[in-house]
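All of the numbers you see were taken from the coordinates with simple rules; none came from a lab. Everything numeric in this text was worked out from a predicted model, so none of it was measured. When we count neighbours, we look across all protein chains shown, and the Cβ atoms used for this are built from the backbone with ideal geometry, even at glycine.
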Amino acid sequence: MAAFKYQLSNRIGPLTVEDYRKLARRAVPDMAWAYLDYGAEDMQTMEANRSAFARYSFKRKVLTGNEARDLSVTIGGEDVSLPVILAPTGTVGLQHWEGERGVAQAAERAGTLSVVSTVGSYSFEEVAEGTARDHYFQLYPWRDLNSGRHDLTLSLIARAQAAGYKAMFVTVDVPVIGNRQTERQRGMGNPPIITPARVLNGAMKPKWWIKFLQHQRISSPNVIDRRGAAAAIAALRKTYTMMRPELTWDDFSVMREHWDGPLYIKGVLHADDAAKAVDLGATGVVVSNHGGRQLDGDVAGLDALPAIAARIGDRAEVLLDGGIRRGSDVVKALCLGADAVMIGRPYLYGMAAAGPAGVEHIIEIFRQEIARTMTLMGVGSLKELDTSWLLPSNTVVPID
Ligand SMILES: Cc1cc2nc3c(=O)[nH]c(=O)nc-3n(C[C@H](O)[C@H](O)[C@H](O)COP(=O)(O)O)c2cc1C
């Protein structure tokens, strides 16, 4: 890997995740933005995800002679060049027509992997065919409304396995859809409500609009036939549902049984749940509140992390997502016990603003920021990161 150059870039253009966020806001219509950037109810969980990081400061050292060069980690048996992978996000085609395929291609160009959503705007097969590496896939556990069986879920697992996906991430924090009222107010309900004003708003983003009409990457081809989407959605609703509050650990065991490879449970915040998942055969746990899109008032992932890492860290992988916007956030998460993190909105900002090249740049921004943070701390290797490098902010340090 090329050595890092810790120079301040003279590049004109976006340099940070927040820069991309501003560009993304201008690039897509209000409906797409509402889906991307808002959360549930009063968005307290979203806010908690962000503010949790500021509650820790670094206890750096000097003259250590250390420089962080190698940021690579292994997740689910696959090597990635930095401890950041891309979280599953639905309907990426709404942000940019190249959708999940473009995101996965950008991830592999940047030396990492993408977790492809069940409700992506490209099918598992399309992403697999368009990429050189095998990526990971995310499963929503659908259930057949009539028989209560797992036919659709099992067929998705079989298809992902056949297409070469390396690891399965089962998302368990959507027993019902979170109350994303801000999203609904802007027409992004289920089904979306299209008004003349919203069509006009879309047309005012001509670059987005033309590609949107040309490619129409908005449905979920894993579960819906792209042609005749409206009829297919109605038929699907009568037969299957993704939101079933009655799912239990027995259902999780069924999925474990049918997936031959690393399996992660995504959406865990309680150490008891993490331990249970590992007891039932999970390779790892994603400590996550779905980016604040589900339960408002949820604990921040970062705050749930230490107890979970303490409980299962010696026998399973621990990933964290939610609110990560800087390399220093990644380093704090690793100090508190994460093996790696996932980012959601940051790469969607890159995608909305600049397509796959934007995603690649976002990953490079994280790489530079992580390396620089560690070197400034006096840390040379990810293995050295632990709680001894952190101090809770605003703590009064005893004078001895
Ligand atoms: C627009 C959007 C769509 C999402 N869709 C999914 C999904 O299909 N499956 C899933 O497991 N998580 C989904 N998530 C949650 C992400 O996987 C991840 O947990 C979250 O984005 C992390 O928080 P961050 O956006 O602050 O990085 C979605 C998140 C966003 C922002």
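Values as computed for the structure displayed
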read-out	value
Top-ranked residue of the range 76-101 - restricted to ones that are over 23 Å from N289 (Cβ atoms) and small (G, A, S), ranked as surrounded by the fewest Cβ atoms within 10 Å (Cβ to Cβ)	G77
Every residue from the range 302-327 that is of a type in the set (D, E, K, R), touching a residue at least 60 places away in the same chain (Cβ under 8 Å) and either under 14 Å from D273 (Cβ atoms) or more than 14 Å from the ligand (Cβ to nearest atom) (or both)	D303, E317
Long-range neighbours under 9 Å by Cβ, at least six apart or interchain, first residue within 24 Å of I365 (Cβ to Cβ) within the range 112-131, second away from the ligand (no atom under 14 Å from the Cβ) and β-branched (V, I, T)	T112/V80; L113/I75; L113/V80; S114/T131
M342 vs. criteria crowded, with 22+ Cβ neighbours inside 10 Å and under 17 Å from the mean Cα position of the chain (by Cα)	yes
Within the range 43-75, considering residues that are hydroxyl-bearing (S, T, Y) and farther than 30 Å from T182 by Cα, the one surrounded by the fewest Cβ atoms within 10 Å (Cβ to Cβ)	T74
Test: S155 is over 19 Å from A340 (Cα atoms), more than 16 Å from the ligand (Cβ to nearest atom) and not aliphatic (A, V, I, L, M)	yes
Residue in the range 124-140 that is within 16 Å of the ligand (Cβ to nearest atom), part of a helix (DSSP H, G or I) and aromatic (F, W, Y) present	yes
Qualifying position, being free of Cβ contacts under 8 Å to residues at least 60 places away in the same chain and over 30 Å from P88 (Cα atoms), among D400, D386	D400
Strands (runs of 3 or more DSSP E) within the range 23-108 that include 1 or more residues over 29 Å from E317 (Cβ atoms)	none
Residue check for D339: in contact with an Asp or Glu (Cβ under 9 Å, 6 or more places away or on another chain) and under 17 Å from K383 (Cα atoms)	yes
I194 being away from the ligand (no atom under 16 Å from the Cβ), among the hydrophobic types (A, V, I, L, M, F, W, C), surrounded by fewer than 13 Cβ atoms within 10 Å (Cβ to Cβ) and not in a helix (DSSP H, G or I)	yes
Number of positions in the range 141-155 that are assigned to a loop (DSSP other than H, G, I, E, B) and touching a residue at least 12 places away in the same chain (Cβ under 8 Å)	5
